[in-house]
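Participant: Dumping the structure here so I can ask a few things about it.
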Amino acid sequence: MRIAQFTLNWYSNYGNFLQKYALHRTLKLFADEVEVLWSGDCKFLPETGDDKLFQIVVPKRSNDRTKLYLLREAIRQSKFKDFENLHIKTRFDFPYLEDIVDEYDFFVVGSDNIWNPNTPSTEYFLNFVPPEKKISYAVSVRPFTTKPTEKLKEIFRRGISGFSHLSIREELTVKIVEEVTGKRPLSVLDPIFLLKPDEWRKVAQKPAWFKEKYQRGFILTYYLRKLPPPEVKTLADELELSVINLLDIENYNHFTVGPAEFIWLFENASLIFANSFHAIAFAILFRRPFINRVFKDDRHEISLSHRLLNVLKIFGLEDRRTFGEKFFSAAEAMDIDFSQRDKVLPIERLKAFKFLTEAFLATP
């Protein structure tokens, strides 16, 4: 059996990239061959970062910081590419998606935020694939920013209704899909959780720069579009821990971490601060103390909070999400109860594998 995997593709987001790897590895349990279909531009900076790109993105009048960012981002993306070459079979060489439908027994779309009502893309509904070959796994839908028009509802209605087996990631997505299509999909875990910690350890890698400074322990921060909260330094001083700020452009080692190093750091962190869904997912998977600090003035963060609220609710960890007025003491930060996680995770994982098994047993 051959499976085509269809998802968002780029080399700059750890969460998106590693959920793709996790689903890819899971699908390989069911098929002789699994290929990720990369539709559209490659978006790999080291290949596109020629003189033409630098003339467009970094004109002569640009500041040195922008040039520094592009150079370090190219190095970071190279590590993503190396990981992909080792672990994810990706196909770029097809002129039109319609031309390759007969080459695969099933097409699996997911996970992550691929059904976006603000910029609907019909290819993520697999409209080029017969319904009996279409499966969605843990798809996330970005909430409607305004009341959807009837035209937009119809695009979603037709796209989602065409799946023979339909699963999504969040309860809010269940409601959106049910409202638009009249069908109630199954809610399943993000692919990150389908692999057990031991399976992640097989592809993890300790950073070469991880020296004596961090041996006693470290606080790991991963903040998209924002600086880490000030309390990180306060807790670091109180706990006598070093801080590793991922995505800190000023620190070469921290900014250029690859996916394998990313996994290792999340498993070994003493405490994690993050505003990213997948960062919190890894903290939960590896049973690491974490804090999801939310900034009330961050519209992007609040608009996407349903994802984090959903995963925290599943594992009984809602108290780890805090707004600006609530600060954790050192003792509170390190004291975390994973008992519900330990009970729920095996059950939810079994539900996910049951869904995939039933989907692939169906005859196209």
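Participant: Restricted to the stretch 311-345, and to residues that are aromatic (Phe, Trp, Tyr) and modelled with pLDDT of 95 or more, which residue is surrounded by the most Cβ atoms within 10 Å (Cβ to Cβ)?
Facilitator: Within the stretch 311-345, the match that is surrounded by the most Cβ atoms within 10 Å (Cβ to Cβ) is 315.
Participant: Could you look through the stretch 262-272, keep only residues that are out of contact with any Lys or Arg (no Cβ under 6 Å at 6 or more places or on another chain) and surrounded by 22 or more Cβ atoms within 10 Å (Cβ to Cβ), and pick out the one that is nearest to residue 236 (Cα to Cα)?
Facilitator: 271
Participant: In this structure, does residue 99 turn out to be without any contact (Cβ under 8 Å) to a residue 24 or more places away in the chain and either surrounded by fewer than 12 Cβ atoms within 10 Å (Cβ to Cβ) or more than 19 Å from residue 180 (Cα to Cα) (or both)?
Facilitator: yes
Participant: Moving to a separate point now. Looking at the structure I just gave you, is residue 280 surrounded by 22 or more Cβ atoms within 10 Å (Cβ to Cβ) and farther than 30 Å from residue 160 by Cα?
Facilitator: no
Participant: Which of the residues spanning the stretch 207-245 are within 30 Å of residue 348 (Cα to Cα) and either hydroxyl-bearing (Ser, Thr, Tyr) or assigned by TED's automatic domain parsing to the domain that holds residue 139 (or both)?
Facilitator: Answer for the stretch 207-245, where residues must be within 30 Å of residue 348 (Cα to Cα) and either hydroxyl-bearing (Ser, Thr, Tyr) or assigned by TED's automatic domain parsing to the domain that holds residue 139 (or both): 221, 222, 223.
Participant: Next question, about the same structure. For residue 172, state whether it is modelled with pLDDT under 85, under 21 Å from the mean Cα position of the chain (by Cα) and surrounded by fewer than 23 Cβ atoms within 10 Å (Cβ to Cβ).
Facilitator: For residue 172, the condition - modelled with pLDDT under 85, under 21 Å from the mean Cα position of the chain (by Cα) and surrounded by fewer than 23 Cβ atoms within 10 Å (Cβ to Cβ) - is met.
Participant: Based on what the data block shows, is residue 43 surrounded by 13 or more Cβ atoms within 10 Å (Cβ to Cβ), farther than 27 Å from residue 114 by Cα and at pLDDT below 95?
Facilitator: Taking the combined requirement at face value, the residue does not satisfy it.
Participant: Among the residues of the stretch 177-193 satisfying the criterion of being over 19 Å from the mean Cα position of the chain (by Cα) and free of Cβ contacts under 8 Å to residues at least 40 places away in the same chain, which is surrounded by the fewest Cβ atoms within 10 Å (Cβ to Cβ)?
Facilitator: Among those residues, the one meeting the criterion is 182.
Participant: How many of the residues making up the stretch 194-224 are outside any loop (DSSP other than H, G, I, E, B) and aliphatic (A, V, I, L, M)?
Facilitator: Matching residues across the stretch 194-224 total 3.
Participant: Can you tell me which residue within the stretch 349-364, out of those that are in a helix (DSSP H, G or I) and in contact with a strand residue (DSSP E or B) (Cβ under 9 Å, 6 or more places away or on another chain), is surrounded by the fewest Cβ atoms within 10 Å (Cβ to Cβ)?
Facilitator: 358
Participant: Residues 233, 213: which one is farther than 29 Å from residue 339 by Cβ, among the basic types (Lys, Arg) and either surrounded by 21 or more Cβ atoms within 10 Å (Cβ to Cβ) or free of Cβ contacts under 8 Å to residues at least 24 places away in the same chain (or both)?
Facilitator: Testing whether each residue is farther than 29 Å from residue 339 by Cβ, among the basic types (Lys, Arg) and either surrounded by 21 or more Cβ atoms within 10 Å (Cβ to Cβ) or free of Cβ contacts under 8 Å to residues at least 24 places away in the same chain (or both) leaves just 233.
Participant: Going through 160, 135, 176, 168 one at a time, which residue ends up being over 23 Å from residue 105 (Cβ atoms), in the same structural domain as residue 356 (by TED's automatic domain parsing) and aliphatic (A, V, I, L, M)?
Facilitator: Exactly one of 160, 135, 176, 168 is over 23 Å from residue 105 (Cβ atoms), in the same structural domain as residue 356 (by TED's automatic domain parsing) and aliphatic (A, V, I, L, M), namely 176.
Participant: Go through (1) outside any helix (DSSP H, G or I); (2) more than 19 Å from the chain's Cα centre (by Cα) and name the single condition residue 12 misses.
Facilitator: (2)
Participant: Can you say whether residue 152 is in contact (Cβ under 8 Å) with a residue 60 or more places away in the chain, surrounded by 14 or more Cβ atoms within 10 Å (Cβ to Cβ), among the aliphatic types (A, V, I, L, M) and in a helix (DSSP H, G or I), as far as the supplied structure shows?
Facilitator: No: the conditions fail for residue 152.
Participant: Tell me, please, whether a residue that is in contact with an Asp or Glu (Cβ under 7 Å, 6 or more places away or on another chain), in a loop (DSSP other than H, G, I, E, B), surrounded by fewer than 17 Cβ atoms within 10 Å (Cβ to Cβ) and in contact (Cβ under 8 Å) with a residue 12 or more places away in the chain can be found in the stretch 119-129.
Facilitator: Checked the stretch 119-129: at least one residue is in contact with an Asp or Glu (Cβ under 7 Å, 6 or more places away or on another chain), in a loop (DSSP other than H, G, I, E, B), surrounded by fewer than 17 Cβ atoms within 10 Å (Cβ to Cβ) and in contact (Cβ under 8 Å) with a residue 12 or more places away in the chain.
Participant: Is the stretch 122-137 home to any residue that is at pLDDT below 80, more than 17 Å from residue 163 (Cα to Cα) and among the β-branched types (Val, Ile, Thr)?
Facilitator: Scanning the stretch 122-137 turns up no residue that is at pLDDT below 80, more than 17 Å from residue 163 (Cα to Cα) and among the β-branched types (Val, Ile, Thr).
Participant: Hey, can you tell me all the residues within the stretch 243-286 that are among the aromatic types (Phe, Trp, Tyr) and either closer than 22 Å to residue 209 by Cα or modelled with pLDDT of 95 or more (or both)?
Facilitator: 252, 255, 262, 264, 266, 273, 282, 286
The values are calculated or read from the model by the stated rules, or taken from the named source; none is laboratory data. Since this is a predicted model, take the numbers as computed values, not measurements. Here the Cβ is made from the backbone with ideal geometry for all residues, glycine too, and neighbour counts use every protein chain on show.
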